[in-house]
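Working notes, structure below.
The values are calculated or read from the model by the stated rules, or taken from the named source; none is laboratory data. None of these values were measured; they are calculated from a predicted model. Ideal geometry is used to build each Cβ from the backbone, glycine not excepted, and the neighbour counts take in all protein chains shown. What goes into the accessible areas is simple: the full protein's heavy atoms, side chains included, and nothing from ligands, DNA or RNA. Shrake-Rupley method; radii C 1.70, N 1.55, O 1.52, S 1.80 Å.
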Amino acid sequence: YDVVIVGGGMVGAAVAALLGANRLTSRLRVAVLDVKPQPTRFSPPPVPDMRVSTVTPASITVLRSAGAWEHIAPPASAAFAHMQVWDSSSSGYIRWDSRDTGTEWMGIVAENTLLQAALLAAVERGGSRSEFIWPAEVRQLRLPPPDGRIPQALQRPAAAQQQQQHGLAEVELGDGRVLTTRLVVAADGAASRVRQMAGLRTWGRGYGQRGLVATVSTAEPSATAWQRFLPTGPLALLPVRAGYSNIVWSTTPGTAAALEAMSPGEFAAAVNKRLGPLFGSLTAPGSGSDLGSGSSRSDDFQDPPLVLGWAGAPPRSFPLQLKQAGRYTLPRLALVGDAAHAVHPLAGQGVNLGFGDARVLVEALAAAVETGTDPGDARMLYEDYEVPRRRAVLTMTAALDGIKRAFEV
């Protein structure tokens, strides 16, 4: 193969779809591996899944380039034209409107399974040069030996040094098959086994919090992304498909456990109590309710819709952490998405950073094809992919971490 992508989630699927859609890389032979079969068709359940992503306009451009947007665009997903952020300990707030930037939407909220299936379907439509191999477990990763022409900083750590006579990478699967490739793309998540097999270390810390997610029904539809900063962390209410909304609540482990055990009515009461204004209603006179009608000025505070209860599956939570790989690339290896970086979910930027990785990596590979450069060349991967992505990711990480710390005070 030219490229073996380990991980068929949203970001791995985006890399494969972009490779197939780019005229310079469409002839590369690509394999997508995953430990279990992944969906290439999306059948929307009556109640939207609680695992959703907020997709920015820049990421929508990536989805268009990948050939997946037409299957993701509303009403398959939910668009939001407004965003309102406010604090629990003061009357201050910020409200944005897409009209202020001359755009139709500020973004969309889509179920992760929809994004993944649409991107994998785009890979299928891309032709016979790409294939899915699943279920497939990676048993071992073998990278080529160090090259004396490569600066020490770009070479592999000792843990990844296994002799390869042909100079390519090898991915050995659990059933004994060995895939030889010019480039391995690790898209297998924050606990990436490929990253560990390559001997790449990570740095970061746990936040001591859990992120709780749930699908909820509300008293009225909304076209606003709402977020309130509480002493224990931010609470977001996001519009999703079919008139439902999604809760993303960063809180203490004890509170998360209590929320997971609540009935729909109890959960609604807990959310409404914390989304309500601290000093009474701050709604400007005559501003009305937020139904996405645009009848009020964009800077008018509006009360979020009343939550009626969780719907579908009960709320679930997961630990929050900051994690960064010390390096994103090695000779014949590139990390993308959570395998390279995991950030706090307060601004919903995790998958957008991953889609940015996919875009820049494929652009680098396209330039390599055009100039006759090896797609697994260490210097090309470092200079054209790792350097720009590390700068963008660390800037966003510092911003998110700083916002979280500031509002904790």
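Which residues, counting only those in segment 73-131, are open to solvent by 30 Å² or more (accessible area, probe 1.4 Å), acidic (Asp, Glu) and either at pLDDT 95 or above or in contact with a Cys (Cβ under 6 Å, 6 or more places away or on another chain) (or both)?
Of everything in segment 73-131, those that are open to solvent by 30 Å² or more (accessible area, probe 1.4 Å), acidic (Asp, Glu) and either at pLDDT 95 or above or in contact with a Cys (Cβ under 6 Å, 6 or more places away or on another chain) (or both) turn out to be 124, 131.
Looking at (1) at pLDDT 95 or above; (2) part of a loop (DSSP other than H, G, I, E, B); (3) surrounded by 21 or more Cβ atoms within 10 Å (Cβ to Cβ), which is the only condition residue 313 fails?
The number of the failed condition is (3).
Search segment 358-387 for residues being part of a helix (DSSP H, G or I) and touching a strand residue (DSSP E or B) at 6+ places or on another chain (Cβ under 8 Å), and hand back the single one that is most open to solvent (accessible area, probe 1.4 Å).
If we take residues in segment 358-387 being part of a helix (DSSP H, G or I) and touching a strand residue (DSSP E or B) at 6+ places or on another chain (Cβ under 8 Å), then 382 is most open to solvent (accessible area, probe 1.4 Å).
Here are the criteria: (1) open to solvent by less than 20 Å² (accessible area, probe 1.4 Å); (2) more than 17 Å from the chain's Cα centre (by Cα). Tell me which single one residue 212 does not satisfy.
It fails just one condition, (2).
Quick one: in segment 106-148, of everything that is of a type in the set (Ser, Thr, Tyr) and touching an Asp or Glu at 6+ places or on another chain (Cβ under 9 Å), which residue is nearest to residue 378 (Cα to Cα)?
It comes out as 130.
Consider residue 287 against the criteria (1) surrounded by 14 or more Cβ atoms within 10 Å (Cβ to Cβ); (2) modelled with pLDDT of 85 or more: it satisfies all of them except one. Which criterion is unmet?
That leaves (2) as the condition not met.
Can you confirm whether residue 336 is of a type in the set (A, V, I, L, M), crowded, with 21+ Cβ neighbours inside 10 Å and farther than 24 Å from residue 140 by Cβ?
Criteria not met by residue 336.
For segment 339-354, give me each residue that is assigned to a helix (DSSP H, G or I) and under 18 Å from residue 400 (Cα atoms). Can you show your working first?
So the first thing to find is which residues in segment 339-354 are assigned to a helix (DSSP H, G or I), and the list is 339, 345-347, 350-354.
Residues satisfying the conditions are 345, 346, 347, 350, 351, 352, 353, 354.
Return the residues of segment 13-36 that are part of a loop (DSSP other than H, G, I, E, B) and within 19 Å of the chain's Cα centre (by Cα); say none if nothing qualifies.
If we filter segment 13-36 for residues that are part of a loop (DSSP other than H, G, I, E, B), which is where we start, we get 22-29, 34-36.
Hit for segment 13-36 is 34, nothing else.
Taking residue 164 as the residue in question, decide whether it is at pLDDT below 75, touching a Pro at 6+ places or on another chain (Cβ under 6 Å) and within 18 Å of residue 3 (Cα to Cα).
So residue 164 fits the description; yes.
Restricting segment 228-245 to residues that are outside any helix (DSSP H, G or I) and more than 18 Å from residue 268 (Cβ to Cβ), which is nearest to the chain's Cα centre (by Cα)?
Going through the qualifying residues, I end up with 234.
Among the residues of segment 33-44, count how many are in contact with an Asp or Glu (Cβ under 9 Å, 6 or more places away or on another chain) and more than 30 Å from residue 141 (Cα to Cα).
2
Those residues that are free of Cβ contacts under 8 Å to residues at least 12 places away in the same chain and among the polar types (S, T, N, Q), I need them from segment 167-221; list them, please.
Once the filter is applied, which keeps residues that are free of Cβ contacts under 8 Å to residues at least 12 places away in the same chain and among the polar types (S, T, N, Q), segment 167-221 yields only 196.
Mind listing just one residue for me: the one in segment 49-66 that is open to solvent by less than 30 Å² (accessible area, probe 1.4 Å) and not in a strand (DSSP E or B) and, of those, farthest from residue 122 (Cα to Cα)?
Applying the filter and picking the extreme gives 50.
Somewhere in segment 37-48, is a residue open to solvent by less than 30 Å² (accessible area, probe 1.4 Å), among the aliphatic types (A, V, I, L, M) and not in a helix (DSSP H, G or I)?
no
Just to verify a result, which residue in segment 170-198, among those that are touching a helix residue (DSSP H, G or I) at 6+ places or on another chain (Cβ under 6 Å) and open to solvent by less than 20 Å² (accessible area, probe 1.4 Å), is farthest from residue 19 (Cα to Cα)?
Looking at the filtered set, the residue picked out is 198.
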